[in-house]
1. Give region 23-54 a look and list any residue that's open to solvent by 60 Å² or more (accessible area, probe 1.4 Å) and either over 27 Å from Asp279 (Cβ atoms) or modelled with pLDDT of 95 or more (or both), or say none.
2. Being in contact (Cβ under 8 Å) with a residue 40 or more places away in the chain and open to solvent by 10 Å² or more (accessible area, probe 1.4 Å) narrows it down to one of Glu226, Glu240, so name that one.
3. When you check Glu220 against the structure, is it in contact (Cβ under 8 Å) with a residue 12 or more places away in the chain, under 30 Å from Gln81 (Cβ atoms) and open to solvent by 60 Å² or more (accessible area, probe 1.4 Å), yes or no?
4. Helices (runs of 4 or more DSSP H) wholly in region 136-232 with at least 1 residues that are among the hydrophobic types (A, V, I, L, M, F, W, C) and under 30 Å from Ser369 (Cα atoms) - which ones?
5. Being crowded, with 21+ Cβ neighbours inside 10 Å and part of a helix (DSSP H, G or I) is the filter here; which residues of region 61-82 pass it?
6. Which one is farthest from Asp201 (Cα to Cα) among residues in region 98-130 that are of a type in the set (Val, Ile, Thr) and surrounded by 15 or more Cβ atoms within 10 Å (Cβ to Cβ)?
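The values are calculated or read from the model by the stated rules, or taken from the named source; none is laboratory data. Quick caveat: nothing in here was measured; it's all calculated off a predicted structure. Here the Cβ is made from the backbone with ideal geometry for all residues, glycine too, and neighbour counts use every protein chain on show. Ligands, DNA and RNA are excluded from the accessible area calculation, which covers all protein heavy atoms including side chains. Shrake-Rupley method; radii C 1.70, N 1.55, O 1.52, S 1.80 Å.
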Amino acid sequence: MCAQEKKFLLNIPLKLILTDEGTSHFISNNKKLMRIKLADNREKFGISLTNFSPISVQNMILLDYVKNIEISMPEFVSRRQEVMDLSKVVVYSLMYKQFNHELFSKLVACECVRKYNRSNPTQILDEQTQISEKELLRLMPNRNIVIKKAKKMILDPIWKDIMENADYTPEERNLYLLMTEKFLDRMNNISWFIVTKFAKDDGFPQIEKELRAKLTEYMEKSQLAEYISLMVMELALSNENANLHKKAAVMFNGMVDDVEELLRDPKERLRLINQLVKDNELVYISWQIGGNSTTSVGNRGKLEISLYNKAGEFEEVKASVESAMVEGTTKKSLVDFYRASNGDNQNLGLSYLSYVDEACKKVGVRFESMVKQFSNDLTATKLNFDF
């Protein structure tokens, strides 16, 4: 089961910065917006949540209502799974959006659609076509029955290939079986309209071919959601650990010989965490989500993840990130590497960078990492993806 369906609610303090479409939607529904200050000191209009449904956040992303998500906490150990689930929700949502954009472009380029356009110049189906959801539902009166049959026809050959592929691990096989169905479940109605409209056309095999190819492509990309969430979580824990060490040095005047032993004491750890909250020395994670429907196509598949921290020394963090990106990787998968480490390596997040870089290259996703310093002594580790 996908992370976004594991829990009905996630309990994380969440800031959502809205797109123009999102702002218009909330204002038209008499929802009050807040002026929110972000980690880099920018102020934007948005909403703040504490307990929220992951599905609701995903739907907002799919509707192009959200352009930035940010959380900030003094410690992440107690919220580890929830933060990883949130990260997966964001990555999967971006993949669903990009899958739909790319698939629709492929479908309208099929010869049977182009032939239809030549014969029906007043009803052209191309990348500029906009049909309301209400109208699409009217054009597909037996939508649920027709789509159910179409899904089976599309998925059966893909599932057969997955089950027969000896190169896949059991985990990959289960993920791919699940995600191919998930992508179809989130396929836009306008794409389903094309699939069902031309289902009996002689040129339909080309539509099937394009749809299965795009499903297979994003099926393979889907494993990156797990990799990215692991890396983000470990980088957050590394930043948290740096903050705790720095605060311990200040509070105990450098008189503690073994800070790690101190941090294992629940009372002392809580004391340090409370002081971090009081001093507003938090770790921030930000997900900036590609472009919306009104921005350039080139930005749609982009995701920028930033981790902000005041405790990090800029040059030291920068050198660590650059070193991690040139390290060689073993033949272990990232998840295997994580399991073998038992999560006890403080620099695990940096070690993940080279794994994620390699995994991205295999599935055609561009990835780069960098470290940026702001004037207020804020250090940001930035992870940029282009799906």
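1. First, pick out the residues of region 23-54 that are open to solvent by 60 Å² or more (accessible area, probe 1.4 Å): 24-25, 27-32, 34-35, 37, 41-45, 48, 50-51.
Selection gives Ser24, His25, Ile27, Ser28, Asn29, Asn30, Lys31, Lys32, Phe45.
2. Numbers: Glu240 fails: open to solvent by 10 Å² or more (accessible area, probe 1.4 Å).
None of the other options fit; the residue is Glu226.
3. Working: in contact (Cβ under 8 Å) with a residue 12 or more places away in the chain: yes; under 30 Å from Gln81 (Cβ atoms): yes; open to solvent by 60 Å² or more (accessible area, probe 1.4 Å): yes.
Spelling it out, Glu220 is indeed in contact (Cβ under 8 Å) with a residue 12 or more places away in the chain, under 30 Å from Gln81 (Cβ atoms) and open to solvent by 60 Å² or more (accessible area, probe 1.4 Å).
4. On the way: elements: 143-164, 170-185, 189-197, 204-221.
Result: 170-185, 204-221.
5. Ile61
6. At the first step, the residues of region 98-130 found to be of a type in the set (Val, Ile, Thr) are 108, 113, 122, 124, 129.
Cutting the leftovers down to surrounded by 15 or more Cβ atoms within 10 Å (Cβ to Cβ) gives us 108, 113.
On the way: Val108: 14, Val113: 10 Å.
If we take residues in region 98-130 being of a type in the set (Val, Ile, Thr) and surrounded by 15 or more Cβ atoms within 10 Å (Cβ to Cβ), then Val108 is farthest from Asp201 (Cα to Cα).
Condition check ((1) touching a strand residue (DSSP E or B) at 6+ places or on another chain (Cβ under 9 Å); (2) β-branched (Val, Ile, Thr); (3) in contact (Cβ under 8 Å) with a residue 24 or more places away in the chain) across all residues:
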position	(1), (2), (3)
Leu38	yes, no, yes
Thr50	yes, yes, yes
Pro54	yes, no, yes
Leu62	no, no, yes
Glu70	yes, no, yes
Phe76	yes, no, yes
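Condition check ((1) acidic (Asp, Glu); (2) within 22 Å of Glu171 (Cα to Cα); (3) at pLDDT below 80; (4) loosely packed, with under 15 Cβ neighbours inside 10 Å) across all residues:
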residue	(1), (2), (3), (4)
Leu303	no, no, no, no
Lys310	no, no, yes, no
Lys331	no, yes, yes, yes
Val365	no, yes, no, no
